[in-house]
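To keep things clear, I will list the structure first and then write my remarks on it.
Nothing in this text is a laboratory measurement; each read-out follows from the coordinates by a stated rule. Keep in mind it's a predicted model, so treat the numbers as computed, not measured. Note that we place each Cβ from the backbone using ideal geometry, even for glycine, and neighbour counts take in every protein chain shown.
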Amino acid sequence: MTFRRFRTTCLKLSPLLLLALAADAQAPRPSLEQILSYAFPDQLTAAARGERVAWVFNIRGVRNIWVADGPDFKNARPVTHYSEDDGQPLAALTLTPDGRTAAYARGSETNGEGEVADPANFVNRPQQQVWAVDIDRGGEPRLLGTMECGSEGCEDIELSPDGRYAAWAARGRIWVAPVSGGMPAQPIGYVRGNNIQPRWSPDGTRIAFTSQRGDHSFIVVYDFQNQSLLYLAPSFDRDLLPRWSPDGKHIAFIRLHGLQARLPLIPQRPEPWTIWVADATTGKARVLWQSGAGPDDSFPRLRQGETFQFVGNDRILFASEQDGWNHLYTIALNGGSPLRLTEGAYEVEQVTVSPDGQWIYYTSNQNDIDRRHIWRVRPTGGSPEAVTQGDTIEWSPVITGDGRQVLCLGSSATVPAMPYRITAGGREMLAREALPADYPSQALVVPKQVVFKSADGLEIHGQLFVPRDLHPPAPAIVFMHGGPIRQMVLGFHYMDYYHNAYAENQYLASLGFVVLSVNYRLGTMYGRAFREPAHAGWRGAAEYQDIVAAAHYLQSLPYVDAHRIGLWGGSYGGYLTALGLARNSDLFAAGVDLHGVHDWSAFLNRWMRFEGGGMSSPPDLAEAVRLARESSPVSAVDRWTSPVLLIQGDDDRNVPFSQSVDLVQRLREHHVPFETLVFPDEIHGFLMWKSWLRAYQATADFFVRVLMRGEKIAVAP
């Protein structure tokens, strides 16, 4: 549909739309606190035997592990009893095979200075540590590891096949502890490098892991009985993701080329890769499959870690984008051509295999490009089958250990995320009591899918939130997700950060703003060419034209005030917010920038300072620095006139706090009106619910004051 045709359609429908909106105007307006009061579920997992599942609920910042048992899963209950919004996340949840014990990590990883996040301002320094809790017997969680997990975090916990031991990576080493808590955690031995990705052998006598050595890496196998190390076909390349065959005879892994010094920065280059299979006893390995050398043949980093695995003893499952879309393939252990399992203009995301190995379950946007549903396909091929469909959204599928039940997490446009059991008639909510009885679903709007064209003709998808209580001409707001490898969907999002952002867009709509959430180029689920366009990001900011096109689309709507359009976003969305205000204050009247990048060249300049222009410096570093700066908001700050609210935590581990410190000084210098909200010791994705509430309330209040009331923001001294 062309831009002009879309505008005509809107003009024809607008009287009916206005009547419908007027009929809904009597719905009570919910508060932001009400909209954010959901119980966000995450880390859904199933025991290897029986019908027990577990997940983490984050209820207003209070995080606890919940479990439920089949066949009806109506006995959902918490098994931990943390009670404070204390900024201590729970991660790496896993169940012992019998489902009687849960292991997990609690707390945040450390930053570059070795400091643990402490947004609650505890007097005693918090730590991230590994814990276990008995589910049936009750009792308090027990500590399995007394060391701090370090910058990687203890977020890759692997339980032994008999459920007696837990292994995880921390501070560059692989640690093992009995789940009973009877002995403190011990490292498996001294191995150089940063050792990650531990995987137990099926008989529990060995652990395979990745040993990172900077420009190269190895797959190593530690034998507990012999206390020995075996390196699998060591080379000058980077090996990762070791996977055991079910019979323990083979280990499959992925090999990428080693890092090459002095490669130019500006051109984007393919990343070819190979699948290797090694004899788990001798370490001898062979190439099973080799990618091509084109851009679409590059190693796909979209959840390859969970996709790459054995399916039975004789086939290996992997993802490839060789046709321009992220799809599933299997290949026989004895070689041959891969078998393509999925194909078409959609992408596969999350993957799990049934306990009997007969089905591969996955989520994708097949036949519904701006939502997620669950599908399944045989490892040996055949037509994929839809497990869920419709106007809802589903993700994180799991199959119970007995293979009888499929569960997932799901949401809709007006109902936030909850756990569900898939039934013949659709889906059945678990733990309904965790969702507040007065949750204001009836007051929320159903966003409309819109498609418009950018200046270069590229089709851009978005979600349009039209207020129930619409008073034309209404102010409007463009929202940009972060990442940028993300996609906003037509409902509550499957990631907690964007689940919150969706709730904020609903709140802004309830206040009377028309909101357009934009899936700009660089995002996922529209193919590799869309995700990796030329001249984007610090190489030219080509994606910015999509944001301008979104504003022009809003201006074409008869019920939008073309002169009262704002924009907001976090992280990469914060970068695009600042870029919009710097380049087009004539188009964007105000913005809210959460922890955005403001000067790409600072990252490359830091590289230049550390390397000192030596042999390892790229030959085009100076040109790259120039291009990065031109692609940054600071390059156009002299044209910035619209007011902005800047929000960031000063322990941000993704975007340096110094990016906003520097921007504030430049805004002062150019007499740009701005306000700030700073959270001491908060990280990039705020750990405390009260931080989200305060940040989003400040965002809404700022837009109400500037775009609705026309208040002037003072220039800061």
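Shape class of the range 47-150 from the alpha-carbon gyration tensor: prolate, with a/c at 1.5 or above and a/b greater than b/c. Please give the helix 496-510 orientation as an angle from the longest Cα principal axis of the chain, in degrees from 0 to 90, rounded to the nearest 10. Helix 496-510 sits roughly 20 degrees off the main axis of the chain. With R₀ set to 30 Å, the beta-carbon distance separating residue 231 from residue 257 gives a calculated FRET efficiency near 0.95. Spacing of the modelled spin labels on residue 203 and residue 438, each 7 Å from Cα toward Cβ, amounts to 6.2 nm.
Computed from phi, the 3J(HN,Hα) profile of the range 239-251 under the Karplus parametrisation 6.51, -1.76, 1.60 (θ = phi - 60°) reads 9, 7, 6, x, 9, 7, 6, x, 8, x, 8, 10, 10 Hz, with x in place of Gly and Pro.
For the chain, the antiparallel share of DSSP beta bridges with both residues in that region comes to about 80%. Loop-located chymotrypsin sites (Phe, Trp or Tyr not before Pro) in the range 227-262 (DSSP state other than H, G, I, E, B) with a sparse environment of at most 12 neighbouring Cβ atoms within 10 Å: 236.
The modelled label-to-label distance for the pair residue 284/residue 121, using points 7 Å beyond Cα in the direction of Cβ, is 6.5 nm. Sorting 190, 420, 520 from the fewest to the most surrounding beta carbons within 10 angstrom yields 190, 420, 520. Using C-alpha pairs under 8 Å with a sequence gap of at least 6, the mean separation divided by the residue count of the range 360-416 gives a relative contact order of 25 percent.
Sorting 502, 544 from the fewest to the most surrounding beta carbons within 10 angstrom yields 544, 502. By the count of neighbouring beta-carbon atoms within 10 Å, fewest first, 364, 556, 228 end up ordered 228, 556, 364.
In the chain, helical runs assigned H by DSSP with n ≥ 4 each contribute -39500 (n - 2.57); averaged across all residues and rounded to the nearest 500, the mean residue ellipticity at 222 nm is -5000 deg cm²/dmol. Among the GluC sites (Glu not before Pro) in the range 94-127, those located in a DSSP loop and surrounded by at most 11 other Cβ atoms within 10 Å of their own Cβ are 113. Taking a sphere under 10 Å around the Cβ of residue 545 and counting the other residues whose Cβ falls inside, with K and R at +1 and D and E at -1, yields a net charge of -2.
The relative contact order of the chain, computed from alpha carbon pairs under 8 Å that lie at least 6 residues apart in sequence, is 10 percent. Once the Cβ-Cβ distance of residue 306 and residue 271 is raised to the sixth power relative to R0 = 22 Å, the FRET efficiency obtained is 0.70. One chain, two ends: residue 72 and residue 534. Fully extended at 0.36 nm per residue, the span grows by 161.2 nm beyond their Cα-Cα distance.
Rg/Rh, computed from the Cα trace of the chain with Rh as the Kirkwood radius, has the value 0.95.
If you take every residue apart from residue 286 with its C-beta less than 12 Å away from the C-beta of residue 286, what net charge results, scoring Lys and Arg +1 and Asp and Glu -1? Neighbour charge sum, excluding residue 286 itself: +1. Residues in the range 419-424 carry Karplus couplings, in order, of x, 9, 9, 7, 10, 4 Hz; the curve used is 6.51 cos²θ - 1.76 cosθ + 1.60 with θ = phi - 60°, and Gly or Pro positions show x. Here r is the Cβ-Cβ distance between residue 626 and residue 701 and R0 is 30 Å; the resulting FRET efficiency, rounded to 0.05, is 0.15.
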